[in-house]
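Heads up, the thing below is written out as structure tokens.
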Amino acid sequence: MIVAHLPAGYIVSTLLFRRFAKYGVSGINFLRAGLLGSIAPDLDMVYFYGFDHRAHPHHSYFSHFPSVWLLLLTLAILCFQHCRHKKLPVLALIFTGNGMLHMVLDYISTNIYWLAPFVNKPFALIKVPSVYQDWWLNFLLHRSFVLEILLVIWATGLWFRRRLNRLELVE
């Protein structure tokens, strides 16, 4: 995935907010946590370009291990179930849930190390062939990019609908 992580995070956060609003979390903070979680695994790109000099695929870093995100999600669920104050656990839930969504979306067309750190074997649902010299062009011109476009359209539609509903309430 190249462009769909933020839109997917927006979709999930927007659709789940009503379910968690009763715990006193503001909509903007819920959305911020969700959007940050949806791109958090890709923050390893700073290390990838700045320090590792692209020596290893960035999906081989621990920040892209589904086991890390499952552990964080499990901890968030446990905190949510057992803490008296729910605001922070709710934010942790949407953050880690969208981080796990990032893993699933990456799995569609890129390698994800589902069994890491125990097994160092990448898995991908669809193999995007390297036809063009620029790596990103291979993804943009592959049929799997249609899913990204659909997620962007869906998120844009949700955003416009929310804006229209907000305007209707004001008038």
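The values are calculated or read from the model by the stated rules, or taken from the named source; none is laboratory data. Remember, it's a predicted structure, so these values are computed and weren't measured experimentally. Glycine also receives a Cβ, built like all others from the backbone with ideal geometry; neighbour counts cover every protein chain displayed.
Quick look at the values:
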{"read-out": "Sole residue being at pLDDT 95 or above, more than 19 Å from TYR10 (Cβ to Cβ) and among the polar types (S, T, N, Q), chosen from GLN133, GLN81", "value": "GLN81"}
{"read-out": "Only listed residue being in a helix (DSSP H, G or I), touching a residue at least 24 places away in the same chain (Cβ under 8 Å) and surrounded by 12 or more Cβ atoms within 10 Å (Cβ to Cβ), chosen from ALA155, ALA76", "value": "ALA155"}
{"read-out": "Hey, HIS102 closer than 25 Å to LEU73 by Cβ and either of a type in the set (Ser, Thr, Tyr) or not in a helix (DSSP H, G or I) (or both) or not", "value": "no"}
{"read-out": "Given (1) over 22 Å from PHE139 (Cα atoms); (2) crowded, with 16+ Cβ neighbours inside 10 Å; (3) modelled with pLDDT of 95 or more, index of the condition LEU101 fails", "value": "(1)"}
{"read-out": "Residue match in segment 48-62 (condition: within 17 Å of the chain's Cα centre (by Cα), surrounded by 11 or more Cβ atoms within 10 Å (Cβ to Cβ), of a type in the set (Ser, Thr, Tyr) and under 17 Å from GLY9 (Cα atoms))", "value": "no"}
{"read-out": "Answer from ALA40, ALA33 - the residue that is under 24 Å from LYS121 (Cβ atoms), at pLDDT 95 or above, under 14 Å from the mean Cα position of the chain (by Cα) and of a type outside the set (Ser, Thr, Tyr)", "value": "ALA40"}
{"read-out": "Leading residue by the ranking (surrounded by the fewest Cβ atoms within 10 Å (Cβ to Cβ)) among those in segment 10-39 that are hydroxyl-bearing (Ser, Thr, Tyr) and in a helix (DSSP H, G or I)", "value": "TYR23"}
{"read-out": "ILE112 within 19 Å of the chain's Cα centre (by Cα), farther than 19 Å from LEU43 by Cα and either of a type in the set (Val, Ile, Thr) or exposed (fewer than 12 other Cβ atoms within 10 Å of the Cβ) (or both)", "value": "no"}
{"read-out": "The lone exception for VAL90 - which of (1) buried (at least 19 other Cβ atoms within 10 Å of the Cβ); (2) within 14 Å of the chain's Cα centre (by Cα); (3) among the β-branched types (Val, Ile, Thr) it fails", "value": "(2)"}
